[in-house]
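Participant: Following this message is one structure expressed as structure tokens.
The values are calculated or read from the model by the stated rules, or taken from the named source; none is laboratory data. Every value quoted in this text rests on a predicted model; they were computed, and no experiment measured them. Cβ placement follows ideal geometry from the backbone for every residue including glycine, while neighbour counts extend to all protein chains displayed.
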Amino acid sequence: MGSGRSPRFARALPAAVLAAAVLWAAPPAQAHDRPDGPWVASWGAAMQRPTPGTEDNGPNWSMPGFADQSVRQVVRVTAGGSRLRIRLSNAYGTAPLRVTAATVGRSGGGALVWPDSMRRLAFGGAPGTVIPPGGEAVSDAVALPTSPLEKLAVTLRLNRPTGPATFHRFTTATSYRAKGDHLSGPGAEAYTESTGAWYYLAGVEVTGGAAPQGTVVAFGDSLVDGVGSTAGADARFTDKIAERLVTARRPVSVVNAGIAGSRLLNDSSCFGEKAGTRFRRDVLDRPGVSAVIVHLGANDIGYPQLDDACVRPNPRVTVRQLVAGYQSLIQAAHARGVKVIGVTIPPLRGALFPFWTPDVEKARGAVNQWIRTSGAYDAVLDADRAMADPAHPDRPRPGYVFHDGLHPDDAGYHAIASALDLDAL
């Protein structure tokens, strides 16, 4: 759905402070280490081009990048294992990215890390790596048993100027930055700056132990990205699906590959590439993917009403064009043996910006009818019926919508997640 331009609530930093402790860093995993089984993605983010922050979304560090700094990013994995590795991306860099060193450990809240959990990461046996423009790097395996739904802190040491940074613009999490080398320090004192974005970190992957048997990737726009959910509360519908799977003891992890503002058929300078361009990288090439949940199309039909440089080009599109776009994604997924769950477009009427018209409503109805009845998808998650006001089906249910009038709030995301048949995964 929309661009993620809704007002953001301030994030409060945790008040607790861990006592200083002597850090013991486990030796890095060697290049000859072998996983206990296949690798599976346990967390991920879709990468984007650098773009300036806005008044609505707050500042980010993507345009200037980093120089002689440590960057600590907190993520919640959806499945555990006995060993893990991280995936770094320089997809939109214009110069080689030099990562001097990296660590991972259990989050203690905010920028804190539990000292006895800190592990140094290696890349082909070396403490750091150089990632060419457009490239990725995967760390060696490191022994750190993890549990489903626990939070990890990944810290990158960036000695040299990076230039503009590949990143993920909208998150409901907080990342932290410190001047100088604070790679291995578990305390939070040096991390005096924070922002609501992720930088270079594209994935956390697990193997061994209770590692899952497969991964479902949620692919789409701001509905997937979680715009409208409470910051720091892990209340996106993908978070709720992950919790349902853990409760049901189903060995499936969940990865969120949403980009607020993205579209099925057209690129955006601010909101990422169109779905067909990024589908392979963000979905099919992730390890262990068995299913994908797709929600796209709302911005394709809504953006022609907006006058904003970030949404251009914003041509009017037809339902036939949208269906052809969906079919292309479905065919690509099926060719890899990946199941596809289609998500209907929730009500758009009532948005505080000019997103809705009678023609938009007509197109939304036709798209939803095709998603429900065509048989092209392996299953359907009916977000429209989960969110619609029974008395006014073209509007969101009161209490389920964020104060921008468009995106779900925490209750709305919970309702969408609850509407998914877990057997579809």
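Participant: Being out of contact with any helix residue (DSSP H, G or I) (no Cβ under 7 Å at 6 or more places or on another chain), surrounded by fewer than 24 Cβ atoms within 10 Å (Cβ to Cβ) and not assigned by TED's automatic domain parsing to the domain that holds Pro145 is true for just one of Arg244, Arg249. Which residue is that?
Facilitator: Working: Arg244 fails: out of contact with any helix residue (DSSP H, G or I) (no Cβ under 7 Å at 6 or more places or on another chain).
Of the residues listed, the single one that is out of contact with any helix residue (DSSP H, G or I) (no Cβ under 7 Å at 6 or more places or on another chain), surrounded by fewer than 24 Cβ atoms within 10 Å (Cβ to Cβ) and not assigned by TED's automatic domain parsing to the domain that holds Pro145 is Arg249.
Participant: Of the conditions (1) out of contact with any Pro (no Cβ under 8 Å at 6 or more places or on another chain); (2) closer than 22 Å to Arg316 by Cβ; (3) in a loop (DSSP other than H, G, I, E, B), Tyr377 clears all except one; give me its number.
Facilitator: (2)
Participant: Hey, Gly93 hits all of (1) in a loop (DSSP other than H, G, I, E, B); (2) within 24 Å of Ala190 (Cα to Cα) but one; which does it fall short on?
Facilitator: (2)
Participant: Shifting gears a bit: Could you please tell me which pairs satisfy a Cβ distance under 8 Å, a separation of 6+ or placement on different chains, a first residue in region 385-411 that is closer than 10 Å to Pro346 by Cα and in a loop (DSSP other than H, G, I, E, B), and a second residue that is modelled with pLDDT of 95 or more and of a type in the set (Val, Ile, Thr)?
Facilitator: So the pair list comes out as His407/Val227; His407/Val401.
Participant: Considering region 158-176 alone, what residues qualify as being buried (at least 22 other Cβ atoms within 10 Å of the Cβ) and either in the same structural domain as Ser269 (by TED's automatic domain parsing) or not polar (S, T, N, Q) (or both)?
Facilitator: Answer for region 158-176, where residues must be buried (at least 22 other Cβ atoms within 10 Å of the Cβ) and either in the same structural domain as Ser269 (by TED's automatic domain parsing) or not polar (S, T, N, Q) (or both): Leu158, Ala165, Phe167, His168, Arg169, Phe170, Tyr176.
Participant: OK, next. Residues that are surrounded by 16 or more Cβ atoms within 10 Å (Cβ to Cβ), under 22 Å from the mean Cα position of the chain (by Cα), among the hydrophobic types (A, V, I, L, M, F, W, C) and under 24 Å from Ala291 (Cβ atoms): does region 394-415 have at least one?
Facilitator: The answer is yes; a qualifying residue exists.
Participant: Would you check if there is a residue in region 126-139 being of a type outside the set (Ser, Thr, Tyr), closer than 26 Å to Leu245 by Cβ and out of contact with any helix residue (DSSP H, G or I) (no Cβ under 8 Å at 6 or more places or on another chain)?
Facilitator: yes
Participant: Here's something else I'd like to know. Out of all the residues in region 123-147, which are assigned to a loop (DSSP other than H, G, I, E, B), in contact (Cβ under 8 Å) with a residue 40 or more places away in the chain and under 23 Å from Ala111 (Cβ atoms)?
Facilitator: If the condition is that a residue be assigned to a loop (DSSP other than H, G, I, E, B), in contact (Cβ under 8 Å) with a residue 40 or more places away in the chain and under 23 Å from Ala111 (Cβ atoms), then Pro127, Ser139, Ser147 are the ones that fit.
Participant: To continue, here is another question. Tell me which residues, restricted to region 262-281, are modelled with pLDDT of 95 or more and crowded, with 24+ Cβ neighbours inside 10 Å.
Facilitator: Ser262, Arg263, Leu264, Ala275
Participant: List the helices (runs of 4 or more DSSP H) that sit entirely inside region 274-354 and contain at least 1 residues that are over 19 Å from Gly226 (Cα atoms) and in contact with a Gly (Cβ under 9 Å, 6 or more places away or on another chain).
Facilitator: Output list reads 275-279, 319-335.
Participant: When Asn256 is evaluated against the numbered criteria (1) out of contact with any Ser or Thr (no Cβ under 7 Å at 6 or more places or on another chain); (2) among the polar types (S, T, N, Q); (3) in contact (Cβ under 8 Å) with a residue 60 or more places away in the chain, which criterion, by number, is the only one it fails?
Facilitator: Of the numbered conditions (1) out of contact with any Ser or Thr (no Cβ under 7 Å at 6 or more places or on another chain); (2) among the polar types (S, T, N, Q); (3) in contact (Cβ under 8 Å) with a residue 60 or more places away in the chain, the odd one out for Asn256 is (1).
Participant: Given the conditions (1) surrounded by fewer than 19 Cβ atoms within 10 Å (Cβ to Cβ); (2) more than 17 Å from Glu205 (Cβ to Cβ), report the number of the one that Lys151 does not fulfil.
Facilitator: Evaluating Lys151 over (1) surrounded by fewer than 19 Cβ atoms within 10 Å (Cβ to Cβ); (2) more than 17 Å from Glu205 (Cβ to Cβ) leaves (2) as the failure.
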